[in-house]
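The values are calculated or read from the model by the stated rules, or taken from the named source; none is laboratory data. It should be emphasised that the depicted structure is a prediction, and the values quoted were computed from it without experimental measurement. Because the Cβ atoms are built from the backbone with ideal geometry, glycine has one as well, and the counts that use them run over all protein chains shown.
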Ligand code: HEC
């Protein structure tokens, strides 16, 4: 036998053993699956995901919008805002010089859009999604989000902005 032949033989035998081992492992998984359908790992996964999906669709179908949490109200609470302080703040900052704002004395300006029914608006100035945190940020520094906007930075404080945002988000429906 030439040098190294012994090693090659051993190498081949080793490879054979590994192959046989892998085949045996595969066969036993298949046998385990066949023995009882509930043993099927793929099937089990599919049915579990399916059940979760079904629960989710049931939740959506069974819960009218009114029953879902009011995220906007929860965020307003997090901001520690009080909507009833909003109108006074808007009078102080002079928002009414540029906006029509229901419930705010003398707010009949036409430079900016009317803020009637603002809670129903999807976007703030067509840029930010209309959520309490975004509205608060917009009121504090409008040019930060819309550099060319005619709405000025009026040095609105965080607390005042939160109160005004809470008030604006309580305005629903047509003017
Ligand atoms: C000098 C005029 C001016 C003043 C003062 C002003 N705004 Fe505005 N505001 C505007 C203009 C103009 C826009 C439209 C901005 C845009 O689309 O870029 C606007 C946009 C807004 C928007 C978004 C409206 C929408 O339809 O998406 C809100 C909310 C708002 N202003 C609230 C306020 C509040 C509250 C104050 C007082 C703290 C105030 N504004 C003061 C001019 C003004």
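Being out of contact with any helix residue (DSSP H, G or I) (no Cβ under 6 Å at 6 or more places or on another chain) and farther than 15 Å from residue 135 by Cα is the filter here; which residues of segment 74-86 pass it?
Passing the criteria: only 84.
Of all residues in segment 121-139, count the ones that are surrounded by 15 or more Cβ atoms within 10 Å (Cβ to Cβ) and within 9 Å of the ligand (Cβ to nearest atom).
As a first pass, look at segment 121-139 and keep what is surrounded by 15 or more Cβ atoms within 10 Å (Cβ to Cβ): 121, 124-125, 128, 130-139.
Narrowing further to those that are within 9 Å of the ligand (Cβ to nearest atom): 121, 124-125, 128, 130, 135, 138-139.
Matching residues across segment 121-139 total 8.
Which of the residues spanning segment 156-170 are more than 10 Å from the ligand (Cβ to nearest atom), in a loop (DSSP other than H, G, I, E, B) and at pLDDT 95 or above? Once the filter is applied, which keeps residues that are more than 10 Å from the ligand (Cβ to nearest atom), in a loop (DSSP other than H, G, I, E, B) and at pLDDT 95 or above, segment 156-170 yields only 157.
Every residue in segment 86-120 that is part of a loop (DSSP other than H, G, I, E, B), more than 6 Å from the ligand (Cβ to nearest atom) and under 15 Å from residue 165 (Cα atoms), please.
Narrowing segment 86-120 to residues part of a loop (DSSP other than H, G, I, E, B): 94, 98-99, 101-107, 109-117.
If we keep only those that are more than 6 Å from the ligand (Cβ to nearest atom) as well, we get 101-107, 109-110, 114, 116-117.
Within segment 86-120, 101, 102, 103, 104, 114, 116, 117 meet the criteria.
Scanning segment 144-175 for residues that are farther than 13 Å from residue 101 by Cα and within 24 Å of the chain's Cα centre (by Cα) returns 144, 145, 146, 158, 161, 162, 163, 166. Residues in segment 123-147 that are within 16 Å of residue 167 (Cα to Cα) and part of a loop (DSSP other than H, G, I, E, B): 2 in all.
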